[in-house]
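Comments concern the structure below.
The values are calculated or read from the model by the stated rules, or taken from the named source; none is laboratory data. In this text the structure is predicted, and so the values were computed from the model without any measurement. Glycine also receives a Cβ, built like all others from the backbone with ideal geometry; neighbour counts cover every protein chain displayed. Heavy atoms of the whole protein, side chains included, go into the accessibility calculation; ligands, DNA and RNA do not. Shrake-Rupley method; radii C 1.70, N 1.55, O 1.52, S 1.80 Å.
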Amino acid sequence: MLSVLFILALLLVVRFFSAEDTRICDDGKWIPHGHPSSAQPLTGCLLASWVVDSEQQELFTVSSVFESGEMIPSSYTCQGKDVQPSFAFAGIPKGTKSLALIIDDPDAPRWIWTHWVVWNIPVMSGLQENVVPTWAVQGKNSWWTLPYRGPCPPSGIHRYFFTVYALDADLSLSAWSSRQQFEEAIQGHVLEETELMWRYQKK
């Protein structure tokens, strides 16, 4: 009985300090948030709000105005105004000097179709809609132009991947460099990468 009361009291204290889910068990074992066992119901274990490892690195993620896997609204495509979406970055790894990104279509008929490639993006929390950050450099897309060009599949539903790279250096590539030159330049400099995937079909 005393052990149960002690655990309940401890739960009240730790929930005051944090919102991360961690399990504490009767045998004194702590199972941190994110551990494979933390998602399983364990006998004699209760949920506690507690940050076990304060140095644990947040996952590198990207989010946008629409969720990964969703159909892209037509305003962001060739059937709309070809609006460049906004993006938010989280968990940018330590040591990152710049960010880079590619948006492409692997379902294009002949080869992977590049819609946008940008590098030397300053380390920041995201990109605003229709804004290319100062100092960022744009490479050639598959239309042989620089700006973002939205999805425009010839037929059927295509997938569109938005990949963000955290780099440990700025790239010395000039504007109008090709995707191949970009991919060669980032070799050995990628700390982490993350991606979203969207779909689109012409109406």
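Checking P154 against (1) crowded, with 16+ Cβ neighbours inside 10 Å; (2) on the phi < 0 side of the Ramachandran plot; (3) not hydrophobic (A, V, I, L, M, F, W, C), which single condition isn't satisfied?
Of (1) crowded, with 16+ Cβ neighbours inside 10 Å; (2) on the phi < 0 side of the Ramachandran plot; (3) not hydrophobic (A, V, I, L, M, F, W, C), only one is false for P154: (1).
Could you identify the single residue in L146, L191, L173, L196 that is touching a Pro at 6+ places or on another chain (Cβ under 9 Å) and surrounded by 15 or more Cβ atoms within 10 Å (Cβ to Cβ)?
Values: L146 fails: touching a Pro at 6+ places or on another chain (Cβ under 9 Å); L173 fails: touching a Pro at 6+ places or on another chain (Cβ under 9 Å); L196 fails: touching a Pro at 6+ places or on another chain (Cβ under 9 Å).
Going through L146, L191, L173, L196 in turn, just one is touching a Pro at 6+ places or on another chain (Cβ under 9 Å) and surrounded by 15 or more Cβ atoms within 10 Å (Cβ to Cβ): L191.
Quick one: count up the residues across segment 82-111 that are more than 20 Å from A185 (Cβ to Cβ), of a type in the set (D, E, K, R) and assigned to a loop (DSSP other than H, G, I, E, B).
The total comes to 4.
Which of the residues spanning segment 134-143 are part of a loop (DSSP other than H, G, I, E, B) and either open to solvent by 40 Å² or more (accessible area, probe 1.4 Å) or of a type in the set (A, V, I, L, M) (or both)?
Of everything in segment 134-143, those that are part of a loop (DSSP other than H, G, I, E, B) and either open to solvent by 40 Å² or more (accessible area, probe 1.4 Å) or of a type in the set (A, V, I, L, M) (or both) turn out to be T134, W135, A136, K140, W143.
So for segment 173-192 (the condition being under 17 Å from C78 (Cβ atoms) and assigned to a strand (DSSP E or B)), does at least one residue qualify?
Looking for residues that are under 17 Å from C78 (Cβ atoms) and assigned to a strand (DSSP E or B), one finds none in segment 173-192, hence no.
Tell me the residue from V123, V131, V117, V164 that is assigned to a loop (DSSP other than H, G, I, E, B), β-branched (V, I, T) and under 18 Å from the mean Cα position of the chain (by Cα), please.
V123
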